[in-house]
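I have placed the structure first, in the form of structure tokens, so that the comments after it can refer back to it.
The values are calculated or read from the model by the stated rules, or taken from the named source; none is laboratory data. All values reported here derive from a predicted model rather than from experimental measurement. For neighbour counting, all protein chains shown are included, and Cβ atoms are generated from backbone atoms with ideal geometry for every residue, glycine included. Note: areas computed on protein heavy atoms with side chains; ligands, DNA, RNA excluded. Shrake-Rupley method; radii C 1.70, N 1.55, O 1.52, S 1.80 Å.
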Amino acid sequence: VQLQASGGGLVQPGGSLRLSCAASRSVSNLNYMAWYRQAPGKTRELVAAITSGASTNYADSVKGRCTISKDNAKNTMDLQINSLKPEDTAVYYCKAIDRRLLAYWGRGTQVTVSS
């Protein structure tokens, strides 16, 4: 599976962004998809995840501000982030795990929150 993340950019604190991850094949056949992020000097961390059954989970740091979703028709996974904070600044990566439990990563998209 090839994954392509997009939608990052520079946004002011309190603003919103919608990140999108386009998959090269049907996302309905993937067990799990998720967004991770990695800030400079920090380890990569889970932001939000969605299973094939549409169950979701979120990191405590983004709960109430993020919504993860999948569009099976478009083969995309999106992450809506609201009320952005400077500490949300990071490179955001999408990840997928297929039914053989193989993991795939996309190239990241930079999110910078700054005034």
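Sequentially through the range 24-39, phi angles give Karplus couplings (6.51, -1.76, 1.60; θ = phi - 60°) of 7, 8, 4, 6, 5, 8, 9, 5, 7, 9, 7, 10, 10, 9, 9, 8 Hz, Gly and Pro residues having no value and appearing as x.
Remark: the range 41-56, residue by residue, has Karplus-estimated 3J(HN,Hα) of x, 10, 7, 5, 10, 6, 9, 7, 9, 9, 8, 5, x, 6, 6, 10 Hz, where x stands for each Gly or Pro and the curve is 6.51 cos²θ - 1.76 cosθ + 1.60 at θ = phi - 60°. At full extension, residue 114 and residue 52 could sit 18.8 nm farther apart than now, given 0.36 nm per residue minus the alpha carbon distance. Taking the accessible area of the range 35-77, probe 1.4 Å, and keeping the other protein chains in place, the carbon and sulfur fraction comes to 47%.
Applying the Karplus relation 6.51 cos²θ - 1.76 cosθ + 1.60 with θ = phi - 60° to the range 79-84 yields 3J(HN,Hα) values of 9, 8, 10, 10, 6, 4 Hz, where x marks Gly and Pro.
For the range 1-111, the per residue solvent-accessible surface stands at 52 Å², with DNA, RNA and ligands left out and a 1.4 Å probe.
Within the range 10-35, find all residues whose amide N lies under 13 Å from a label point positioned 7 Å from the Cα of residue 99 along Cα-to-beta-carbon. Hits in the range 10-35 for residue 99 at 13 Å: 26-32. Using the alpha-carbon centroid of each, what span in Å lies between the range 95-115 and the range 1-28? The two parts, judged by their Cα centres, are 9 Å apart.
Quick one: if the Förster radius is 25 Å, what FRET efficiency do residue 31 and residue 65 give, using the C-beta to C-beta distance and rounding to 0.05? Computed FRET efficiency for residue 31 and residue 65 comes out at 0.45.
Going by the alpha-carbon gyration tensor, a ≥ b ≥ c the square roots of its eigenvalues, is the chain rounded (a/c under 1.5) or, if a/c is not under 1.5, prolate (a/b greater than b/c) versus oblate? Because a/c hits 1.5 or more and a/b exceeds b/c, the chain counts as prolate.
By the rule of a second cysteine Cβ within less than 4.7 angstrom, the chain holds isolated cysteines at 66.
Label reach from residue 85 (point 7 Å along Cα→C-beta): in the range 56-79, amide nitrogens under 13 Å belong to 59-66. Were the residues from residue 18 through residue 6 laid out at 0.36 nm apart, the gain over their Cα-Cα distance would be 3.4 nm.
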